[in-house]
Every structure is written in structure tokens, then in C-alpha cells.
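The values are calculated or read from the model by the stated rules, or taken from the named source; none is laboratory data. These numbers come from a predicted model, not from an experiment. Cβ placement follows ideal geometry from the backbone for every residue including glycine, while neighbour counts extend to all protein chains displayed.
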Amino acid sequence: MMALRFPRFLQPVRCRAALIVGMCLLLCQILSDSPVLAQSKSNASATAGASELPLIDQPPFDLIRLNDAAGGRAVKIAPIPLPNRMIKPSPVAGKKIEVILLSHEDRRYEIAWSDIAQLELYELMIYDEAVRKLKEKDFVTAFQNLSFLMRKYPEIVGLERLREEFLFNSAMTMFASGRFTQTLATLEELYKTAPGYQPDSVLNGLNRVSDSIIKQYIDKNDFISARAMLERLRNDFSDKLSSVRAWRAKLQSLAAQKKQEAVKLMEAGDYRNARRASLAMLSIFPAEAEAKEVFNEINRRHPMVRVGVMQSSSELDPASLTNWPARRCGALIEKPLVEFLETGAEGGRYGFSLGLIRHSDDRQELTLELEPSLAGSLDAFTVAQSIFQRTDPQHADYDPSWAAIAHTVSVPSPTTIRVRLQRPNVLPQALMQWKCQLASTPTNPFDGSFRQVDSVENENAFQLRQPPTERDAPIEIIEIFYDDPKSAVNDLLKGELEVLDQLFPADATRLANNAKIQVGSYALPTVHMLVPVSEYEFLADQRFRRALMYASDRESILNEELLGSTSSNDGRIISGPFPSGIDSSDPLSYAYNSAVKPIEFEPRLSKLLLFMVDQDFAEKAEKLGKPVPQKRKIVVATPDFELAQVAVQAIIQQWALVGIDAEMVILPRGKVTDINTQYDLLYVTASMWEPLTDIERLFGEQGIARSNNPYIIQALARLRSARNWREVRTYLQDMHQLVDYHLPVLPLWQIADRFAVASSLAGLSDKPLTLYQNIAAWRINHLTADTVTRQ
Amino acid sequence: MINCSSVDLPIVRAIRVSAFFLMLLAAMISGNSHVFGQQVWEFAPYRVQVWIAFDASLQSDDESQVRLLGSINNQLHAAFRAAWSVDTRLAPHHLDSLYARGLHTAGLPELVSNEIELVLHKDSEETDAIRTFEAALERLDAIAISTRELTKLTEAKKNWRTDAKTQELVEKLCSKCVADKGTDNELAIGLENKSISAAIIPRAISRKLEKSTRSVFLPLPWQTEFLYREVDKTFFVAVRETIDGLIVDARELDCPMRLLGPVISRSTSDPAFLSYCVRDAIVGAFAPVARAEQFETRTAKLRLRAGGLIMDQANPAFLHPGDVLQPVIRRDDRNGVPSLLEPLPWTFAVVTRTDGIKLDANVYSGIRGALQGQRNNRTQRILMRVRPTADATNIKVVVKGNNELPQSGCTVFARDLASEDLKSIGRTDWRGMINVASHHASNRIIPDQIAQARAKDAAATGSSPPDSQIDNKSQSSADTSGAGASNATQSTPTKESNGGQKTSAKNAEQTDELATGDADSASEQGPASVSKPAVQPAEQPFQPAIELRQPLALLYVKSGDNVLARLPLVLGLTKLEVAELPSDTRRLEAEAFVKGFQGEVLELIGMRNMLAARSRKLFADKKLDEARAAISQIRALRSYTEMADALETLQRKMLDETNDPIPLASKNRIDRMFQVTRESLQKYLQEDIARKLEVQFEQAATQSASVPQP
């Protein structure tokens, strides 16, 4: 039995399934909206009566037209059980057939063959209609009828011919309307299933349509797709298609042209465009040794890494708590005074950018020793001055958290700075992760190994400050911003990118299966939260904020919308602003109070709390003789980052279910806050790697979630007074409890962020803190003769 | 309508003028040239000394200087008329260095440090009985003095014109002085080892000899000690030249109260206007003085110095309604030597009505009974008009008894003195510091009498007191609202009442009455809203609110739900004010946890009731399994016992004094918070609601089973 098969579209393999689904959807769209369909429906109605359904949707019936002597009526009867549903050419005169009228199904009638003028079988009526519709170019109705017949009545004579004509005619019509991929698929189907059907015409059609398609790819510089298409057509049709031969020749010429262009640009020192041209060349003929050599030569002369980023940076801060891109790029450009190196058993381990740092045994003094090599360019007094200025409320660099613990800064020798603290402090150096500008020094000792060279709309370029000392070490990093994670992943797969800075958790799982891509995770997770920032009186009420929490099904948002997994290693719900670590033995979890359980999804309780808040506000307003405050739409701001946007949209939808009206605004690109945008809540992604000091950076006077809550402020002051780690843990866990009680921020989840690296780049550490942490070890892998490119 | 500032009624003026001349006549008859030895306060003009120093760059001859001094004197006379008896002269040379450094650097110790005094050894027979200058002149044959000081003394005597009596005394002193070859320090050593029994040495040196020596006042008219006794106000005026022109700095020393005012500067680019400029600076630096006659808790009756001599409201010595005054207390010992000289902290009065001499004032104080206290002849309560010079004041809140320990995170509110509206200003930072700008000050006040009457009327009509605002504000701005049954309304600050809120004070007598308790303040009755004309009593004559002439703010310092202090303050009067308040740390810490716990209780109650209602509905709908499931959900919630145990544990933790003792007042408040929470638990959670529902359902099922079927 022959089945009507859907055309196989000639698309790159990874897209085919999606395109088929898309095609079906398109067909559905056509079915529902097409005026042709409307017309066909009306025609069917004309045939079967105004109130009747199309034939294929009616219960099967045959139609008997009586001759004039018998009354001339047409009667619908149940299908007659004829052998093979074939009507004998001359039935025996006087014989009768037993029929069941559809109008009287409980009775049987006999009709003499002689009284029958015409007997129309159900399937033939449909066949006739299909033929008619094909002539009328109503392909939708024709397709429906044809499909029905092939499923139910495949033995009808002429059905196969009708199918071939349908395919051919519809292909011609689609070609005329510019739907080339559909035309190609249809003609291929026709050619394969009916090679004898007008072979010249079909091959001619295939030639024309493939030519148009490849031209479209080339015009879009999508050489990979063009090449894939040519390869497939050559495999399927050998050399029967002249267009394939012509395009192969053209592509070869184009590859040569790209090669020339690449070489020329390389010689001119325009390595960025040279690389682009060589990538195009490689995408046309990836296996060509000469092409690989040009590509390698460009990389040898100017090793370059292209990094896809989901968040672009508008500022640079290597120690930023809440600005992921600022921290990422900041690490390239500059060094903080003190740098977080890794987590340790008791807090993090820190390094002094200019030498060594020592914390005294009584924990009341810090000694910073400058490297002897800096002796000529930098003196301790300049650094000490910078440290001291942070304690001066009148100074632009004033840091209240630091001022609260520092007592004196002295310079006992030209290379030594001594900081006396007001009281013992377990980790004062964690507060010294400052960007420093020492105006009096000719060269800034805090400069990172790269400098920013240019920044166009979607690209930020950074170049090495000093000539490289190591072969194949990247001397230029180009960050390309993507607002669509899918296209970033596609570009990584295509070889346009070497690194993807952040992966949508669900993409990470998918990419992990690709042998040419290495998916890594960052050493420490990020903590996500909503921070109330406005004076909106409802939001200032703790019960209202708790209602927001009870109305948010964080578990399902995290697992279903963001992670696509339920593994707690990928992410988990948290009850406070601190990371919970992987388990209680994780040193990062020292601040997390596991006795505080995350607020559960309880929409009923949320509604109850909202009701209570409303009542309370109304009573207060009445008492004061003031109007009752009106609720308004809560505005939730989110950085221009897909994950955050998905999360916020999901939360807003859930809030709507309990009657909380909210909307999302997206902050300008590269910003994590914006004074020019009005919003009530801010989606914050924080790198809370040192809870002891990061909580101060979060809730403190200069923090993004600076709190007016006296309980939080007091808890911060108490934390500052902690003299040992036992007290630190106790106070932090108390702080966690207080945050859960009073919700100065709405904690959401922690996520283990991931990145992806192509095999063309080596040297990324297994679990870096930030992407560029060990950029000095990065090396470009050159293509070898047997290297198969990712295309 | 009576206008409170209308004081120039002809009859009043006539009485005043007559009284003045009667006084003058009486003085002439008595033949006492020192007319104001027994002064009538309101008819005694201020005795004013103006000392002017010119920058070295301003070269002028003696004649020009004399002319300028005369011109300044005339200007001042024209401004103050009879209210001032002023003498203007060049500043004595011993103050040259002080003028050079700038007047703002001068404190009283700096003023007197270069001045000389007679120092006698305590144990010397020769000096044993000497207590006064006159006795010293009589009994001592010689007084040692260094050559340097003798030269300065002789020169000053020659240059300083004074009255005959003083001149004679100075002459006598000089005749007794014997120049010693030694330096002042050597003379001091001689005094200490009794080789010298009497010597004249600078105060900076004599201060070190206080144990073995006694000082005697020298009536040298160019010295500050003389001014303290003989003058009411001294103005130090410095004229300096800058590229922008001439700058005149003036600073007042109130002599009886020994209080230095702020430096007031004026400038002119034309030297011809220098005398006007000096006058303006002095007028700006001058603080009219009033004496407290009667004090109530919230009001005072005052009497204006030289008020009877002021004929014109434009006179700078006049006090207008709306002028803000700061009380200063002087208490003398039996010898008339002041033992206490101090502005009353956190206390100000605002003139609400004046007839030119008698003033009515509203009193705003953070201290209970600030102006009250023992009345006697040796205690003076003087009020001086404030002269704010800055745009803001920093307030530093510290723990009483430990200035090093800041109270961070306290929310500061400003209450409008007329409308009584509250406005959150901000919170203290990690240093316990908050900057309060002048614009937070009130613009107007209501005379207390009217405010009280309105409050009574408001109470009668049942209007809500504006106290509740602070609770509301704190909810929105300080983000402190608790989910539980908040007792915030119990602890909100009330308006001034019988004594108002207590606050810290520097002096010992006040420190016992420091800041309020939260619940205590709730019981205080204050005036209700005065901003509603509707509640104004009909019989009360309409009187508009009085515009404040200086920026007075009434601040409340709140820690969590507890009001720590009520602090009236003239903003910009000083750059920094330190408020020493009882430590609230432990109570606040307990409140943080208890409020959170109360929130949990509230949510638990809500869940229980919601599930109970749901189960009843399901039962009524004959969905028995689902009803039972709802009951199971109730059982799965935290029980009363669990919550009570958790509360008990929390209480133990909060009252733990192992490392840090808890002040008794805080402890009581913590206990009270826990008690309230415990009562809530008992009231709402003790009942086994799940069991009760089951019983109800069983009974209902039994009843329906026993009903005979039709």
C-alpha cells in the first residue's frame, strides 16, 4: 500500500525536525486562514447541501439516482457491499439490490437495478472532487481528499497518477510563489517515488529550485548551509543537476576569492576581518589543507579568541558583587587591590595584587608588603594614602564598610603598609577588593594584562597590553553579545566562537554531548534574588513581600523553565541571600542556615496575607483620615539577560494568579541598575563568594540592596564585631534567619553557571572563578590536516 | 484680633520711657555712678565692649583708626540706641596671635591663656589671708613679675584709657611690681618651691600650679576676667583684606554666661563702607538675652534684657515672635564664682508673644523639666537667641556612657511643629551619624495654649492623634513592620506632653532622666492634630501659626519600634551634636527575632484557619475523604507545643548574658515582647483544631445517621 508521505525538506540535519514541525504548523495556518479553503468548503457544501459537511467528514454513503420512471430522486444509501467496490458494467435486468436509506437506517429497501439511472460510490465521489480541486488549484482541499483516499481507499485506480499530478502541480505553484524549500522537497519526493513521471520536467524543476535556494544561502553568506545542500544534492542526484555542478564551481571560485581576501587582510594586519574571511573559506571547503593553513597562519600571527556573551558590560569592576559582565571584563582590564583567589576552609583566600598580604595573629593588623620590583615606580605611601582615603566620608572613594573596621594606616618602611583595625576582624582583606587609581604613578600597577581597544554595537575588543611571551597565547579577545542564547550556541557550533561565557542551563546539557565542545562550570554558584528598591508602600510591608514569596512557585520555575533538570548540583532554591553550597561540608555554605527552610509555594496563604495587608492599610488610612493607598502594577526590572527575563516572566505570571499585578522592564544593555528607569523590584544575580563581607556589600550603605531595616543594620554591625569564625558563623546564620523573617530581599535560587569552550581553544581551567581567571594559560589549537571542523 | 507682635502702643511706649527716666533720676539722686550695680533687667542697657583688630596688611594711621572706631561706635549706637552702652576700641595686643589665627579658632582657654594673673602661694604666711586684689595691694610689699610681662603691663596701662578708679588700681599694681630677671616659667618654679610668695604670670603657666597656689583676679580692663565681671557682651572683630575686598569677622562673648557665639562674617569691597560692614557683622553676631521668669512644662514666661529701652522693633536687641532661644544655666558658688555654665542640651524656646519686655514662649525640650528646677539667687536661667551659621547639623547617636560605641541604624524622624506631621529623614550610619539639613526644620509653630485647646477639642471629637503617623512612616520607610501583632503603636513617640520625652544630658542631674521607654511614652498625652481648622474651638481667638525665624526641628530617634529620644535642635547651630542614649542593642536584637517569630505565628494561624474552613466546606459537600485530607494537613502544620518550645529557646538566647549584660530596662522590654507573643500562641494555637473538627464531623455523621429516613 502506498502512503502519501510528507516531503523531506533539504535542510541541515539539525534543523530538519524543527522545519518539519514548522511546516505542519504552517499548513495548519493555511488550513485555518486560507481563502482557498473557505472556497473549497463552500463548494463542498454546494455539492452535499448547504448544511452538509465536506464529503470526507461525512459518514460514508453511496448515491443512487433513480431514473425518471422511478421518480428521478437521488437517495443516499449506506455503502453497498459490492465485490471490491466495483460496479459491474451491466447488471442483470430485473435483479434487485437491497439498500439501507440513510434517512431510515432501521429499514431495508429493495431497488431494482432497472430503476437506477446512476450509482455513485462514495470514494469515487471524493476522487472526482480531488481532481476538480486540483484543476482549480485548491491544493489544500485536493490534498485532504487525496490523503483520505490513500489511507482509506488506496486500491482506487488512477489514484497514484493523481498523487503525482498533485505533487507536480503543487510544486510548480509553490515555486511560482517563491516557496523554494517546499518546492524542492515536493519535487524530490516526486522524483524518488515516481521516477517515470515527466522526468525531464521534474529534473528541470529541481535544477531551478536548487539554484534559487543555494543562491539564497550564498547571498546570506551561509556557506555551511550552501555546502551542505550541494553535498546532499550531489549524493542524491549524482551529476544529473546542472545547477549543482555550476554552484560547486562557483563556490570553489568563491573559496579562492575568500582565501585571497583573507591573505590580503592578514598582510594588512586586519586580523579580525582576515579571520572572518578565512572562516568563510573554511566553511565552504573545510577539508582543504590550504584553507586550514591560511586559517592557522592568521592565528599564528594574531591569536584571537571570540567569546560569546549573554551579558555585555558597560562598566568594569573585577570584584563586582552583582554585575557579572563587569566582573568578567574587569578581570581582563584591571586588578583589584586585593583579589579573591579561591574558597578556603575559613573564608576565601586572597592575594594582594602588588605583593604579599599578612594578617596578624591577633587579627587586628594587616601588613601589605610591596614587591621589590615595584620599588622604582610605586611607593608604599601612595598605596597607603589610597587605603586611608576609603575611611574619609568626604572622599569620593569612601567605603563605609572599610571605615567601620579600619583604625589607622601607617607606612613603617618604603615597601610596607600597615593597617591597624579597630578591633579583631577575621577577614579584613576581603573588604579591600577595590579598584585603585594611583594618580601619582606613571604606569598603573593595577592594570590588567589586556586593554579595551574598541567597542561597536555588539562587539567589545580587548588586546594584550604587552607583546605575548608565549606562543599561541591569545593577544586579542573579542566579546560578541547575543540576546538569543540559541544563536550563540549555533555560532559556537559553527566555529564562529571559541567560548560561550554563560549557557542556558538546558543548553549546557545538550552541548555536553558534543565531542567538539567542552562544557565547564564555574567554581562558585551565583545567588539570584529580587531586591525591593522603591518606596512603594505595599512593597515596604513585610507581609506583602511574604505574600509575593508564597505566590512564587520557585521550584517549578527553576527546574522546568531555567534548568531543565532537577539536579541540585545545577541549582537549588534558597532561603536566604547566601549560597547553600553543594552540601553542608562545602566551605562556601558557612553562612547558610540550613534550619531556615525556603518559603514554600502557598498561593492561598499569599492571598490571605494580601487581604490582611489591604485591611491594615485601609484601617490605618481611616484612622489618619487619609485616602487608602491604591495598589498599582509592580515593576520588576531585569538585566538584559535571557535567564533573568524568563525567570521574571514566570514569576509575574504566578503572581497574577493571586491577583498581584506586575510587569517586567528590561534594563539597558550592560546595566544591572539604572537610575533613569523606574522600578520596584530588581532581579539581581550576586556572586556571594565571601558571605562575611559580601553581605555588607549587599545590604551596606553602598550596597545594591542597602537596607533601612534596623534589624539588618544591627546584624551587620554585630557581624563586623565578630572576633573569630565561630562568632562569624553564628552571626551570619542569625542574619540568614532575619532575612527570612523580614525579607529585605526576596531570595530565589542559586545556580551553578556553565560555560562552553570549543576544542580549538585549550588551557581553560576546570573550574574557574571567572571566565578570564587564567587567561594567561589559554592557547589556540591550530587546525591539522586531519582536523575536522565543527561544521 | 490681637497681633502678638504689636507692641508699639503709645501708652506702653510712654510708660516705658517714663520708667526709664525715673530710674535714671533715682540713680543720680543716689550719687552712685555705677548705676547698674543693682540693675533693673529690662531697663539696663547691655554693657558692650567691641575690640577690633586690623590685619597687618591694612596700613592706617592712628587718626584714621580713631575716626573709624568713632564711626563704628556711632553706627552701633544708631542701630541699638539706648539698648546698648557700647565702647569700641582696638583689641589688646595680647590677643594679636589669636586674631591672626582667626576668630573661629578661639575658645575661652585660648582667649585667656596669654592673660596674666596674680598667683599666691597657698602656704605662705605672707599671702595666707589674701583673697582679693585690694588686699593684695595692701598686704604685699612686692609682686614678682618677669621683665617681659612688666613691659607689656606698663605699655597696656599707658595705652588703655579707662575710668579713674580702675586707672588708680592699675597704677598701684604697677608700683608693687618688681621685675624679676627670670622668665615666667622660672617664676612659676619659684612659686612652687615657695622661694616666691606672690608673682604675676600668664594663665597658661599658672594653671599648672593650681595645687600649690591660689589666683587672685586682677582688674585689668584689657583682660577677659575683667570683662566677665564688668561687661555683658564683648565682640571680637577682625578686619582682614582679601582679593575680594575687606572681610569683617565678628564673634560675641556673652560675659555673664561666658559663652562664645559663632563667627559671623560680612564683606565689602569699598573701604568707605567698612563701619557699616562692622556694624552688620556685630548685629549678626549679637544674641539678645531674655531671663526666664516662670517655667511650665511646655511654656515659659521671659523678660527681655533692655526691653524697656527698645523703642523700635527694628532694633536688633528686640526679640520677635518666632525667634528661637537657647537656654543657658549659670549657677554660682557662695563667692559668686560660677560653678556651672552650660547651655541646656536639646532645649529651645520659641517666642510666641511679646509686649516688648515680657515674652511668652513655647518650650521644646528633650529633657523632662528642662527649665524647671530649684530657684535661687545663685542660679540664673538665661535664654539667648540662636545664630545658626551652617546649612546642616550632623547628629551622632552614641551609647550613653560609652561615646565610642555608636548606635547605627536608628531611624530619625522630624515632626512639623505646626501640623505635627512626621517625616522620615533617614537613619544613622555605622558611625551613628546622620546629617540633618536645615530644610528639615519646621517653618511654623502654634502657641502652646492654642495647641492644647485644639488637642482637647480633637480628643472630644474623636479625631485620631497624629502619633500614629510615626508607625505608618516607619512601616514604609524603615521597613520594620512585623507580621505579627505589632505593639508598634505602644511604642510610638508621642508629642510633647508632661515633660515630653526624656533624652540624654551632659550634666549629672539630667542623666538620670534619659530616654523614654516605648510603652511609657504611649501613655503620655500630647496635643492632637492642630492642622485641622475644623477642630479649632469656637471660643479660642483665631491666631495664625507663627513663622519660625530660625530653623528649629523636633527630631525623634527610633530604634526598631522603640523611641529612644526626642531631640529639639536648631539645625546649623553647630556642626555636630552628640546624643548619648541608652543602649538599645539587645532589645532591638530581640525585637528582630520576636517580630519574625510573630510573623510565623500569624501565618500558621492563617493556614490553620484556612484549612479548617476548607475541611468544613468539604464535609458539608459530603467530600469526606478530602475533608479528612485537609484535617491531616492541619496536623502536619507546626503545633502549639513546637512553637512554644521554639519561643522558649529564642527567649533563652535573647536573654543570655554570658558575654554581654542586658540593661534592666531592656530586659523588661524583652520579657514583655515574649510575654505578648506567648499569649498570642496560647490564644490562637493552643486549641487542637484538628481534633475539634473530627469530633464535629463525627457528631454530624451520627446525627444524620440517627435521623429516621422518610
query = Here is a list of conditions, (1) closer than 24 Å to A:PHE223 by Cα; (2) at pLDDT 85 or above; (3) acidic (Asp, Glu), and A:GLU290 meets all of them except one; can you say which number that is?
reply = (2)
key: Count of region A:393-411 residues which are over 18 Å from A:GLY703 (Cα atoms) and either touching a Phe, Trp or Tyr at 6+ places or on another chain (Cβ under 7 Å) or surrounded by 18 or more Cβ atoms within 10 Å (Cβ to Cβ) (or both)   = 3
message = Show me the strands (runs of 3 or more DSSP E) entirely contained within region B:367-438 in which 1 or more residues are touching a strand residue (DSSP E or B) at 6+ places or on another chain (Cβ under 9 Å) and of a type in the set (Lys, Arg).
response = B:379-385, B:392-399, B:411-415, B:422-427
inquiry  = Given the condition within 14 Å of chain B (Cβ to nearest Cβ), in a loop (DSSP other than H, G, I, E, B) and not hydrophobic (A, V, I, L, M, F, W, C), answer yes or no: does some residue in region A:515-532 qualify?
reply    = no
inquiry  = Please verify whether B:LEU359 is hydrophobic (A, V, I, L, M, F, W, C) and more than 22 Å from B:GLN326 (Cβ to Cβ), treating the condition exactly as stated.
reply    = no
ask   = Which residues, counting only those in region A:754-767, are touching an Asp or Glu at 6+ places or on another chain (Cβ under 9 Å) and not small (Gly, Ala, Ser)?
value = A:ARG754, A:PHE755, A:VAL757, A:LEU761
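From the list A:HIS736, A:HIS742, exactly one residue is in contact with a Gly (Cβ under 6 Å, 6 or more places away or on another chain), within 14 Å of another protein chain (Cβ to nearest Cβ) and crowded, with 21+ Cβ neighbours inside 10 Å. Which is it?
Values: A:HIS742 fails: in contact with a Gly (Cβ under 6 Å, 6 or more places away or on another chain).
None of the other options fit; the residue is A:HIS736.
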inquiry  = I'd like to check something: does region B:132-152 contain any residue that is part of a loop (DSSP other than H, G, I, E, B), within 44 Å of the chain's Cα centre (by Cα), within 21 Å of B:GLY336 (Cβ to Cβ) and not assigned by TED's automatic domain parsing to the domain that holds B:LEU341?
reply    = yes
query = Of the residues that sit in region B:390-420 and are under 15 Å from B:LEU552 (Cβ atoms) and of a type in the set (S, T, N, Q), which one is surrounded by the most Cβ atoms within 10 Å (Cβ to Cβ)?
reply = B:THR393
message = One residue is enough: does region B:542-553 have a residue meeting the conditions crowded, with 21+ Cβ neighbours inside 10 Å, under 30 Å from B:ILE395 (Cβ atoms) and at pLDDT below 90?
response = no
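How many of the residues making up region B:592-611 are among the small types (Gly, Ala, Ser) and either under 15 Å from B:GLN686 (Cα atoms) or outside any helix (DSSP H, G or I) (or both)? Working first, answer last.
Filtering region B:592-611 down to residues among the small types (Gly, Ala, Ser) leaves B:592, B:596, B:599, B:606.
Remaining after also requiring either under 15 Å from B:GLN686 (Cα atoms) or outside any helix (DSSP H, G or I) (or both): B:606.
Summing the residues that are among the small types (Gly, Ala, Ser) and either under 15 Å from B:GLN686 (Cα atoms) or outside any helix (DSSP H, G or I) (or both) in region B:592-611 gives 1.
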Given (1) buried (at least 21 other Cβ atoms within 10 Å of the Cβ); (2) outside any helix (DSSP H, G or I); (3) of a type in the set (A, V, I, L, M, F, W, C), number of the condition B:VAL578 does not satisfy = (1)
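Being in contact (Cβ under 8 Å) with a residue 24 or more places away in the chain, of a type in the set (A, V, I, L, M, F, W, C) and within 14 Å of chain A (Cβ to nearest Cβ) narrows it down to one of B:ALA612, B:ALA630, so name that one. Break it down into steps so the answer makes sense when it comes.
Numbers: B:ALA630 fails: in contact (Cβ under 8 Å) with a residue 24 or more places away in the chain.
Only one candidate passes the filter, namely B:ALA612.
Going through region B:172-187 one residue at a time, which ones are surrounded by fewer than 21 Cβ atoms within 10 Å (Cβ to Cβ) and at pLDDT 85 or above?
Within region B:172-187, the subset surrounded by fewer than 21 Cβ atoms within 10 Å (Cβ to Cβ) is B:172, B:174-179, B:181-186.
Correct list: B:LYS172, B:CYS174, B:SER175, B:LYS176, B:CYS177, B:VAL178, B:ALA179, B:THR183, B:ASP184, B:ASN185, B:GLU186.
Using the structure shown, decide if A:ARG420 is over 21 Å from A:GLY351 (Cβ atoms) and either free of Cβ contacts under 8 Å to residues at least 12 places away in the same chain or not hydroxyl-bearing (Ser, Thr, Tyr) (or both).
Numbers: over 21 Å from A:GLY351 (Cβ atoms): yes; either free of Cβ contacts under 8 Å to residues at least 12 places away in the same chain or not hydroxyl-bearing (Ser, Thr, Tyr) (or both): yes.
Yes.
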query = Out of all the residues in region A:580-606, which are at the interface with chain B (Cβ under 9 Å from one of its Cβ atoms) and in contact (Cβ under 8 Å) with a residue 40 or more places away in the chain?
reply = A:GLU602, A:LEU605
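If the requirement is being under 20 Å from A:GLN429 (Cβ atoms), crowded, with 24+ Cβ neighbours inside 10 Å and away from every other protein chain (no Cβ under 14 Å), which of these qualifies: A:LEU748, A:LEU692, A:LEU682? Lay out the reasoning, then the answer.
Values: A:LEU748 fails: under 20 Å from A:GLN429 (Cβ atoms); A:LEU682 fails: under 20 Å from A:GLN429 (Cβ atoms).
Matching residue, one of A:LEU748, A:LEU692, A:LEU682: A:LEU692.
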task = Please give the number of the condition A:GLU346 fails out of (1) modelled with pLDDT under 90; (2) crowded, with 23+ Cβ neighbours inside 10 Å.
result = (2)
message = Looking at region A:738-759, I want the residues that are of a type in the set (Gly, Ala, Ser) and have a partner that is surrounded by fewer than 23 Cβ atoms within 10 Å (Cβ to Cβ) and not in a strand (DSSP E or B) with Cβ atoms under 6 Å, at least 6 apart or on another chain. Which pairs are those?
response = A:ALA756/A:LEU511; A:SER759/A:LYS516
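Just give me the residues in region A:611-630 being away from chain B (no Cβ under 11 Å) and under 26 Å from B:MET607 (Cβ atoms), in sequence order. Before the answer, list the steps.
Residues of region A:611-630 that are away from chain B (no Cβ under 11 Å), as a first pass: A:614-615, A:618, A:627-628, A:630.
Within region A:611-630, A:ASP614, A:GLN615, A:ALA618 qualify.
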request  = Evaluate the following for A:ALA396: is it without any contact (Cβ under 8 Å) to a residue 12 or more places away in the chain and of a type in the set (A, V, I, L, M, F, W, C)?
outcome  = yes
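Can you tell me which of B:ASP656, B:ASP660 is in contact (Cβ under 8 Å) with a residue 60 or more places away in the chain and in a loop (DSSP other than H, G, I, E, B)? Show your work before the answer.
Values: B:ASP656 fails: in contact (Cβ under 8 Å) with a residue 60 or more places away in the chain.
Criteria check complete, one pass: B:ASP660.
Has region A:761-771 got at least one residue that is small (Gly, Ala, Ser) and assigned to a loop (DSSP other than H, G, I, E, B)? Can you show your working first?
Of the residues in region A:761-771, the ones small (Gly, Ala, Ser) are A:762-763, A:765.
Next, from what is left, pick out any that are assigned to a loop (DSSP other than H, G, I, E, B): A:763, A:765.
Yes - at least one qualifying residue is present in region A:761-771.
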